[in-house]
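Asks: Take a look at this one; I'll ask things after.
The values are calculated or read from the model by the stated rules, or taken from the named source; none is laboratory data. These figures come from a predicted structure and were not determined experimentally. Here Cβ is always computed from backbone atoms with ideal geometry, including for glycine, and neighbour counts include all displayed protein chains. Keep in mind that these areas ignore ligands, DNA and RNA; they rest on the heavy atoms of the full protein, side chains included. Shrake-Rupley method; radii C 1.70, N 1.55, O 1.52, S 1.80 Å.
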Amino acid sequence: MKLDEMRPRRRITTEAIEQARLKALRALEVLDSSPELEFTDLVVEAARSVGGGVGIISLVDADRIWIKAHSGLKVSTMPRAGAFCDVTIRSDGPLVVCDSAVDPRFVSPQDEAERPAIRAYLGQPLVLSCGARIGALSVIDQAPRQWTEDDVAAIGRFARVAARLLEARRDEREYRRALETVAELNLQNDQAETAFAAMGEGVILQDRDSVILHYNASAARLLGLSEDALLGRSSMDPSWSLVDEDGAPLGVDQQPSMVCLRTGQPVLGFVLGVNLPEGGRRWLSINSLPVFRGDEETPFRTVTTFADITETRRQAQALQAALEEARRANQAKSDFLANVSHELRTPLNGIISMAGAIARTPLDARQREMIDLIVSSGTSLEQIVSDLLDISKIEAGEVQVEAAPFHLGELVRAVTGLFGSRAADKGLEYSVDVPAVAERMLLGDSLKIRQILSNLVSNAVKFTTRGTVSIDLSVEESATAGVFDLAIAVRDSGVGIAPEHQAAVFDRFQQADLSTTRRFGGTGLGLAISRALAERMGGTITLASAPGYGSTFTLGLSLPG
């Protein structure tokens with residue numbers, strides 16, 4: 001037994017045949033189309049060739065018969081079921097009916113008035129080149145008649161012509177569409193070529209051997225070459241003079257297109273320099289993309305685009321140089337502040353000490369007033385010098401955060417206790433709330449916490465002329481085991497700060513407005529130093545304030561217990 005005889009034969013169902021037939025019919029795009037003279041002439045001649053009658057070209061749709069052309073018929077469509085045309089496409093050959101009233105295939109027990117109007121029928125199926133039977137060309141008569149072999153042959157010839165005419169009509173339509181598609185593709189190609197030529201970026205197409213196949217004018221210009229010098233040139237040409245981003249010679253295997261060909265991966269944003277033939281260097285930003293054919297794993301071409309970034313690079317270098325110069329200037333300023341602060345502190349401490357010593361000697365009222373003024377002014381000046389020294393250390397990055405055990409409650413009471421008498425002298429209501437949970441040891445930089453809290457409380461007392469100053473401490477266990485979240489809120493009923501000025505109070509040498517400096521003095525460094533120190537410890541300082549309602553500064557820290 002042959003191999004093909006052993007294979008199970010696929011059975012083609014009637015339904016599959018019908019679906020294929022309908023698909024072929026609808027591909028003709030003829031159903032419900034307008035009358036066409038060629039088909040009308042065809043059926044007229046078909047009827048004349050057999051001695052009269054009505055010629056018809058009818059097409060069998062899914063559930064109807066549609067008349068494409070006729071030589072004298074009043075209907076254009078009719079039900080498919082039982083129609084002569086439907087019987088024709090199911091027959092092996094032509095359908096010949098001489099008298100339907102007596103033909104056993106069509107006769108029924110009807111009286112004469114109910115008998116079909118079509119008595120004689122001669123039809124040939126319309127068979128397309130693919131074998132699909134889509135309809136019939138037929139001649140009908142209302143009276144019985146005998147069809148001859150010549151009649152059958154003639155109608156067969158007309159049916160073949162009609163089928164070919166329908167296919168020619170379809171092919172002509174498809175040809176026109178193909179022409180339109182080609183014209184559209186040509187237009188798109190022309191547009192793409194125009195855009196390609198007009199691009200400011202250079203574009204180069206290379207084959208798998210890195211040979212240049214196509215390029216635009218911008219590519220030649222950016223590479224400093226004539227257009228003739230580019231075509232057919234390879235990336236491996238030793239006359240290329242390229243450098244990498246650092247100015248070192250760029251090897252052939254490092255060129256973006258070569259990397260792209262080797263790896264099959266795009267190379268994006270690669271920066272290289274081209275040493276131009278006439279001198280000078282042009283910097284380019286390169287994108288190289290692989291082009292694959294079919295299922296091949298290695299690219300058969302690469303498309304490389306590049307843009308001139310010489311000026312952008314120059315500006316970036318100039319900006320970097322300016323930033324470096326600014327950094328050096330800032331460092332010089334910080335060094336100057338640190339040096340001056342150190343130089344001022346020694347004689348200043350001497351002045352304050354001597355004034356203190358004089359204050360302990362017998363003095364009259366006028367002398368004591370002058371000595372107290374010297375001590376007060378010296379102390380204020382010492383604080384300014386300390387602030388300048390702190391800010392210079394912060395700018396220089398010399399502030400180190402230490403971690404040592406300290407008692408939280410004792411620290412808060414010690415700091416806030418320094419300002420109680422000052423608040424009392426101004427007639428302020430002064431309160432400190434240290435809850436029991438705060439009576440614990442924590443691990444952190446207690447000196448910096450003291451400095452921040454001193455700044456906040458000192459400001460609250462200084463900027464409050466009447467009312468209250470309160471310090472509230474809250475401690476909660478963090479989600480992290482062994483860590484505590486603490487918040488120290490310093491509230492006052494002082495002048496308050498407008499919303500538009502609140503961000504500025506944390507800037508260096510800034511206060512809410514100039515009148516604040518005139519009324520209360522100060523350098524405007526305290527809050528800037530406090531926030532910087534808090535951030536170095538991983539914490540925050542927040543502000544809530546309104547003019548006339550006072551301010552609340554809150555130090556937030558997370559410290560291990």
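Asks: Within segment 283-303, which residues are open to solvent by less than 50 Å² (accessible area, probe 1.4 Å) and closer than 24 Å to S241 by Cα?
Replies: W283, L284, S285, I286, S288, P290, T302, V303
Asks: Give all pairs with beta carbons closer than 9 Å in which a residue from segment 159-188 that is in contact (Cβ under 8 Å) with a residue 12 or more places away in the chain meets a residue that is open to solvent by 90 Å² or more (accessible area, probe 1.4 Å) and among the β-branched types (V, I, T); count only pairs at least 6 apart in sequence or on separate chains.
Replies: No pair meets every condition.
Asks: Another one. Within segment 118-135, does at least one residue satisfy the condition of being open to solvent by less than 60 Å² (accessible area, probe 1.4 Å) and either modelled with pLDDT under 90 or among the charged types (D, E, K, R) (or both)?
Replies: Yes, that holds for at least one residue.
Asks: Looking at (1) more than 22 Å from R491 (Cβ to Cβ); (2) open to solvent by 50 Å² or more (accessible area, probe 1.4 Å); (3) at pLDDT below 90, which is the one condition that is false for D445?
Replies: It fails just one condition, (2).
Asks: How many residues does segment 412-456 hold that are within 48 Å of the chain's Cα centre (by Cα) and free of Cβ contacts under 8 Å to residues at least 40 places away in the same chain?
Replies: Residues flagged as within 48 Å of the chain's Cα centre (by Cα) and free of Cβ contacts under 8 Å to residues at least 40 places away in the same chain within segment 412-456 amount to 0.
Asks: May I ask you to say which residue of P104, P79, P94 is open to solvent by 50 Å² or more (accessible area, probe 1.4 Å) and either aromatic (F, W, Y) or touching a helix residue (DSSP H, G or I) at 6+ places or on another chain (Cβ under 6 Å) (or both)?
Replies: Only one candidate qualifies: P94.
Asks: With the condition kept exactly as written, say whether any residue in segment 214-226 is charged (D, E, K, R) and touching a Phe, Trp or Tyr at 6+ places or on another chain (Cβ under 9 Å).
Replies: No - not one qualifying residue is present in segment 214-226.
Asks: Separate question: For segment 243-264, name all the residues that are more than 18 Å from D207 (Cβ to Cβ) and in contact (Cβ under 8 Å) with a residue 12 or more places away in the chain.
Replies: V243, D244, E245, G247, L250 - these are the residues of segment 243-264 that are more than 18 Å from D207 (Cβ to Cβ) and in contact (Cβ under 8 Å) with a residue 12 or more places away in the chain.
Asks: Right, next: Considering every residue within segment 505-512, establish whether at least one is over 24 Å from A404 (Cα atoms), modelled with pLDDT under 80, surrounded by 19 or more Cβ atoms within 10 Å (Cβ to Cβ) and within 50 Å of the chain's Cα centre (by Cα).
Replies: Yes: one or more hits.
Asks: Of a type in the set (A, V, I, L, M), exposed (fewer than 13 other Cβ atoms within 10 Å of the Cβ), part of a helix (DSSP H, G or I) and at pLDDT below 85, is that true of A424?
Replies: It is false that A424 is of a type in the set (A, V, I, L, M), exposed (fewer than 13 other Cβ atoms within 10 Å of the Cβ), part of a helix (DSSP H, G or I) and at pLDDT below 85.
Asks: For segment 128-158, name all the residues that are in contact (Cβ under 8 Å) with a residue 12 or more places away in the chain, of a type outside the set (S, T, N, Q) and within 20 Å of E36 (Cα to Cα).
Replies: L128, I134, G135, A136, L137, V139, I155, F158
Asks: Working carefully through the options G524, G494, G550, find the one that is modelled with pLDDT of 85 or more, open to solvent by less than 30 Å² (accessible area, probe 1.4 Å) and at positive phi.
Replies: From the options G524, G494, G550, the qualifying one is G550.
Asks: Next question, about the same structure. Which condition number does E149 fail, the rest of (1) among the acidic types (D, E); (2) open to solvent by 70 Å² or more (accessible area, probe 1.4 Å); (3) under 60 Å from the mean Cα position of the chain (by Cα) being met?
Replies: The number of the failed condition is (3).
Here's the yes/no breakdown for (1) at positive phi; (2) open to solvent by 40 Å² or more (accessible area, probe 1.4 Å); (3) touching a Lys or Arg at 6+ places or on another chain (Cβ under 8 Å):
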site: L222; (1), (2), (3): no, no, yes
site: S234; (1), (2), (3): no, no, no
site: P249; (1), (2), (3): no, yes, no
site: Q255; (1), (2), (3): no, no, no
site: R262; (1), (2), (3): no, yes, no
site: N275; (1), (2), (3): no, yes, yes
site: T305; (1), (2), (3): no, no, no
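Asks: Confirm whether L337 is at pLDDT below 85 and over 34 Å from the mean Cα position of the chain (by Cα).
Replies: For L337, the condition - at pLDDT below 85 and over 34 Å from the mean Cα position of the chain (by Cα) - is met.
Asks: OK, next. Taking segment 9-65 only, how many residues are assigned to a helix (DSSP H, G or I) and not hydrophobic (A, V, I, L, M, F, W, C)?
Replies: Residues that pass the stated criteria total 13.
Asks: Then there is this: Quick check on my filter: what residues within segment 276-313 are under 24 Å from the mean Cα position of the chain (by Cα) and not β-branched (V, I, T)?
Replies: Result: S285, N287, S288, L289, P290, F306, A307.
Asks: When segment 55-84 is examined, which residues are found to be more than 14 Å from G135 (Cα to Cα) and among the aromatic types (F, W, Y)?
Replies: none
Asks: Take the conditions of a type outside the set (A, V, I, L, M, F, W, C) and under 60 Å from the mean Cα position of the chain (by Cα) and apply them to R157. Does it pass?
Replies: no
Asks: Take the residues in segment 437-495 that are among the β-branched types (V, I, T) and part of a helix (DSSP H, G or I); name whichever of them is farthest from V401 (Cα to Cα).
Replies: The extreme case among them is V461.
Asks: Specify the residue that is modelled with the lowest pLDDT; the eligible residues are those in segment 355-376 that are under 28 Å from L525 (Cα atoms) and open to solvent by 60 Å² or more (accessible area, probe 1.4 Å).
Replies: Looking at the filtered set, the residue picked out is S376.
Asks: Just to be sure I understand the filter: pairs with C-beta atoms under 9 Å, separated by 6 or more residues or on different chains, first member in segment 467-483 and modelled with pLDDT under 90, second member assigned to a strand (DSSP E or B) and hydroxyl-bearing (S, T, Y). Which pairs pass?
Replies: S478/S558; T480/S558
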